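Asks: Sharing a structure, written as structure tokens. Questions coming.
The values are calculated or read from the model by the stated rules, or taken from the named source; none is laboratory data. Keep in mind it's a predicted model, so treat the numbers as computed, not measured. Ideal geometry is used to build each Cβ from the backbone, glycine not excepted, and the neighbour counts take in all protein chains shown. All accessible areas refer to the heavy atoms of the entire protein, side chains included, with ligands and DNA or RNA removed. Shrake-Rupley method; radii C 1.70, N 1.55, O 1.52, S 1.80 Å.
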Amino acid sequence: MILELKHIYKDYIQGKMTVPVLNDISLDVEKGEYLAIMGPSGSGKTTLMNIIGCLDRPTSGQYFLDGEDILSYKDKAMSDVRLKSIGFVFQSFYLLSRQSALDNVSLPLVYAGISKKERHERAFRALERVGLADRVDFKPTQLSGGQKQRVAIARAIVNNPKILLADEPTGALDSKSGRQIMELFQKLNDEGVTVVMITHDADIAGFAKRKIMIRDGMILQPKEAEEK
């Protein structure tokens, strides 16, 4: 089991009010799995993604990543988990506009203390995996939306993370580019990459091998999800 969430609760304090966002979430993800977490706006799926991605901590519960008790870690150790074990792909790409595709992909390796020669070798291999070996010197302004997302995916996989975490990865793309990106996720999953994708789009979720629905901070049982 690569990921285990056990009885996760998350509350936010607004003034004197306690606002519950996640309510008793338990979720297991196998190594090599391709999971889509679906839900409408306000369902809690982004909060769940932030907890899985070690960007936030739950109010209570347990989180194990590859057998490690993540919530026992201090902030510095959590940062290391984000850097080395989780690859992030966001809707908005978050590329550095003045840097080449190769330098954008190399960035996590800079923080990891990898030498410049090895950084460039590994970044080039990552760009090869996403079909952009001929665009290594291009800057984001010279790339299409789909190509920008491929660069972002290459950056996410360059450290060989344990989980690739994608948040609405086709949200800023046209339908053709979106389909190509989903085919790329499928290819990476076929190569053994564990993919957890957050989406509100049923068509996009259809590419995953398993889907769960979250609503009002709770995971719906299959029959409940069908009724919704």
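Asks: Can you confirm whether Ile157 is among the β-branched types (Val, Ile, Thr) and more than 18 Å from the chain's Cα centre (by Cα)?
Replies: On the way: among the β-branched types (Val, Ile, Thr): yes; more than 18 Å from the chain's Cα centre (by Cα): no.
No, not satisfied.
Asks: All but one of (1) open to solvent by 30 Å² or more (accessible area, probe 1.4 Å); (2) in contact (Cβ under 8 Å) with a residue 12 or more places away in the chain; (3) more than 18 Å from Gly87 (Cβ to Cβ) hold for Gly42, so report the exception by its number.
Replies: So the condition that Gly42 fails would be (2).
Asks: Of all residues being of a type in the set (Gly, Ala, Ser) and modelled with pLDDT of 90 or more in region 203-228, which is farthest from the chain's Cα centre (by Cα)? Just the residue, please. Working first, answer last.
Replies: Just the residues of region 203-228 that are of a type in the set (Gly, Ala, Ser), to begin with: 205-206, 208, 217, 225.
Right, trim to modelled with pLDDT of 90 or more and you get 205-206, 208, 217.
Values: Ala205: 14, Gly206: 17, Ala208: 14, Gly217: 19 Å.
This residue is Gly217.
Asks: Now for a different question. Among what's in region 19-33 and is touching an Asp or Glu at 6+ places or on another chain (Cβ under 9 Å) and open to solvent by less than 80 Å² (accessible area, probe 1.4 Å), pick the residue that is nearest to Leu83 (Cα to Cα). Break it down into steps so the answer makes sense when it comes.
Replies: Just the residues of region 19-33 that are touching an Asp or Glu at 6+ places or on another chain (Cβ under 9 Å), to begin with: 19-23, 26-29, 31.
Going one step further and asking which of them are open to solvent by less than 80 Å² (accessible area, probe 1.4 Å), we end up with 19, 21-23, 26-29.
On the way: Val19: 30, Val21: 26, Leu22: 25, Asn23: 28, Ser26: 24, Leu27: 23, Asp28: 22, Val29: 20 Å.
Across region 19-33, the extreme among qualifying residues is Val29.
Asks: Run Gly61 past the list (1) on the phi > 0 side of the Ramachandran plot; (2) at pLDDT below 95; (3) surrounded by 14 or more Cβ atoms within 10 Å (Cβ to Cβ) and report the number of the one that doesn't hold.
Replies: In the conditions (1) on the phi > 0 side of the Ramachandran plot; (2) at pLDDT below 95; (3) surrounded by 14 or more Cβ atoms within 10 Å (Cβ to Cβ), Gly61 misses (2) alone.
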